Amino acid sequence: MRLNLENSFNSIPDAIVTVDEGIRILSANAAFLSFYGGILADYKGRTFDQCLGKNSAPYTSVIRQTLELGRLTSHFRVNTTTPDGKACKLELNAAPLRTGEYGFGGAVLVIKDMTSTAALERQLEDRKLLNNMVGKSDSMKRVATLVHSLSDIATTVLITGESGTGKELVADALHYTGIRADNRIVKVNCAALSKSLLESELFGHVRGAFTGASRDSEGRVAAAEGGTLFLDEIGDLPLSIQLKLLRFLENKEYERVGSTKPHKADVRVVTATNADLIRKVRDGSFRKDLYYRLNVFQIEMPPLRERKEDIPLLVESFITLYNNELGRSIKSISPEFLDTLMLYDWPGNVRELRHCIEYASILCREEMLQCVHLPQNFKDSCNCLSASSMPQPTPEQLPPSTLGTAVNETSAKRCSFEKQKVLDALEQAGWKKARAARILGISRPTLYRWMKRAGIAEQ
């Protein structure tokens with residue numbers, strides 16, 4: 001029985017140590033001894049301080065707390081180092097060793113190595129910031145921080161940024177991470193409806209208010225009661241409706257079309273635009289008082305060209321999405337494919353990237369996306385594809401001289417484009433490599449690789 005107990009004790013993957021009331025080690029399993037590299041061959045009867053020196057503090061602290069309080073101390077996480085100097089993250093759990101119904105004569109300490117788990121948690125945090133927002137760039141982390149700070153506050157938020165940057169995702173995050181998440185988020189595209197329809201859609205109408213109004217309609221404001229009303233493309237809101245929206249924002253009251261009876265609604269208003277509202281205020285197409293009422297708190301979405309380090313994560317997310325939707329089994333992308341995506345400036349931002357990956361996923365029947373799968377218009381605008389990127393005939397279909405000429409011409413175009421791109425970034429950065437790499441949205445080793453390939457000498 002004793003042998004079976006020792007075997008079980010040593011087969012547990014977590015490190016386990018028992019100590020007496022003086023915090024002297026009584027026993028330790030194989031995992032504990034292995035974790036410390038065999039330096040504790042003579043551990044019995046010695047304290048943690050004597051065995052581990054300066055690394056003993058967290059263990060001693062948890063055990064002492066357990067002995068003093070006579071109860072479990074759990075989920076205590078600590079950053080420390082192994083005897084060979086490797087950083088690690090541990091979770092410590094200690095419980096009293098009972099000697100009877102009321103007394104105890106020591107404690108048992110369980111040490112779980114959380115290093116890999118903590119690294120995975122950090123990766124997941126980097127990849128998915130809020131809801132469906134993906135990224136690890138500083139600019140996206142700032143957006144996530146602002147959303148966290150605003151999620152439980154009913155203040156009006158204006159989301160700005162170029163088309164395709166993900167403004168609607170921010171509106172979703174504001175709603176679903178806040179106290180209104182149990183109610184609806186109602187979305188209205190102000191540019192998609194005519195002036196007459198938009199007012200009715202927003203505030204509702206009564207029967208007979210206009211031709212075709214055969215029954216009462218409550219409108220989107222009423223439908224969003226207790227939740228969020230998201231007005232996209234707010235810059236296209238007609239002036240007459242701007243005044244009604246301003247009144248609603250001021251006192252939470254509105255009137256349906258064809259009625260003078262006031263209605264109240266508890267609705268948080270979030271708006272978004274890719275237009276320059278200040279310019280619209282100056283030219284008179286947007287009310288100045290409404291602008292300041294909407295712009296209580298502004299969140300600006302960065303364009304994709306300014307956060308290119310997020311492109312690999314976005315591509316991975318879209319591949320997973322289209323694997324499920326299209327029944328594909330794509331597992332990776334070629335280095336040339338990623339290089340091409342990183343070189344492009346993405347005027348359509350994340351929306352354009354998503355459509356690009358969708359197109360490539362439709363064409364791809366293998367497990368790797370390659371440049372041949374990119375849309376033709378994308379290839380034409382990039383003008384930076386290698387020979388393997390182009391949908392070339394097979395070697396059997398071309399005479400050797402023709403194939404060699406096509407490869408050389410395409411490679412020359414790519415090299416010329418890359419060289420100018422890198423030179424421009426280096427000039428802009430004053431030939432500081434780290435800064436130039438940030439401008440291009442790549443790492444320094446990749447920059448050095450591009451410089452070598454383009455024949456650019458270091459300065």
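The values are calculated or read from the model by the stated rules, or taken from the named source; none is laboratory data. Not measured: the values here are computed from a predicted model. All Cβ positions, even for glycine, are placed from backbone atoms using ideal geometry, and neighbour counts span all protein chains on display. Ligands, DNA and RNA are stripped out before the accessible areas are found, and what is left, the full protein with its side chains, is counted by its heavy atoms. Shrake-Rupley method; radii C 1.70, N 1.55, O 1.52, S 1.80 Å.
Structural remarks
- For segment 342-350, the count of residues that are within 26 Å of MET451 (Cβ to Cβ), at pLDDT 50 or above, under 21 Å from the mean Cα position of the chain (by Cα) and aliphatic (A, V, I, L, M) is nonzero.
- Being among the aliphatic types (A, V, I, L, M), in contact with a strand residue (DSSP E or B) (Cβ under 6 Å, 6 or more places away or on another chain) and modelled with pLDDT of 95 or more is a description that applies to VAL269.
To keep it simple, each residue is scored yes or no on (1) over 23 Å from THR177 (Cα atoms); (2) assigned to a helix (DSSP H, G or I); (3) open to solvent by less than 40 Å² (accessible area, probe 1.4 Å).
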{"position": "LEU197", "(1), (2), (3)": "yes, yes, no"}
{"position": "SER200", "(1), (2), (3)": "yes, yes, yes"}
{"position": "ARG207", "(1), (2), (3)": "yes, no, no"}
{"position": "PHE210", "(1), (2), (3)": "yes, no, no"}
{"position": "ALA213", "(1), (2), (3)": "yes, no, yes"}
{"position": "ARG220", "(1), (2), (3)": "no, yes, no"}
{"position": "GLY226", "(1), (2), (3)": "no, no, yes"}
{"position": "LEU231", "(1), (2), (3)": "no, no, yes"}
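- Scope segment 329-365; condition assigned to a loop (DSSP other than H, G, I, E, B) and closer than 15 Å to ILE442 by Cβ; matching residues: TYR344, ASP345, TRP346
Quick grid of which residues meet (1) crowded, with 16+ Cβ neighbours inside 10 Å; (2) at pLDDT below 90:
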position: ARG354; (1), (2): yes, no
position: ILE357; (1), (2): yes, no
position: CYS382; (1), (2): yes, yes
position: PRO395; (1), (2): no, yes
position: SER401; (1), (2): no, yes
position: SER411; (1), (2): no, yes
position: GLU418; (1), (2): yes, yes
position: LYS432; (1), (2): no, yes
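- Sole residue being among the β-branched types (Val, Ile, Thr) and loosely packed, with under 14 Cβ neighbours inside 10 Å, chosen from THR177, THR155: THR155
- Selection from segment 79-103 of residues that are modelled with pLDDT under 75, open to solvent by less than 50 Å² (accessible area, probe 1.4 Å) and of a type outside the set (Gly, Ala, Ser): THR82
- Note on segment 15-34: residues that are of a type in the set (A, V, I, L, M, F, W, C), over 18 Å from GLY53 (Cβ atoms) and either open to solvent by 30 Å² or more (accessible area, probe 1.4 Å) or not in a strand (DSSP E or B) (or both) amount to 3.
- Among residues of segment 251-272 being of a type in the set (Lys, Arg) and part of a loop (DSSP other than H, G, I, E, B), the one that is surrounded by the fewest Cβ atoms within 10 Å (Cβ to Cβ) is LYS261.
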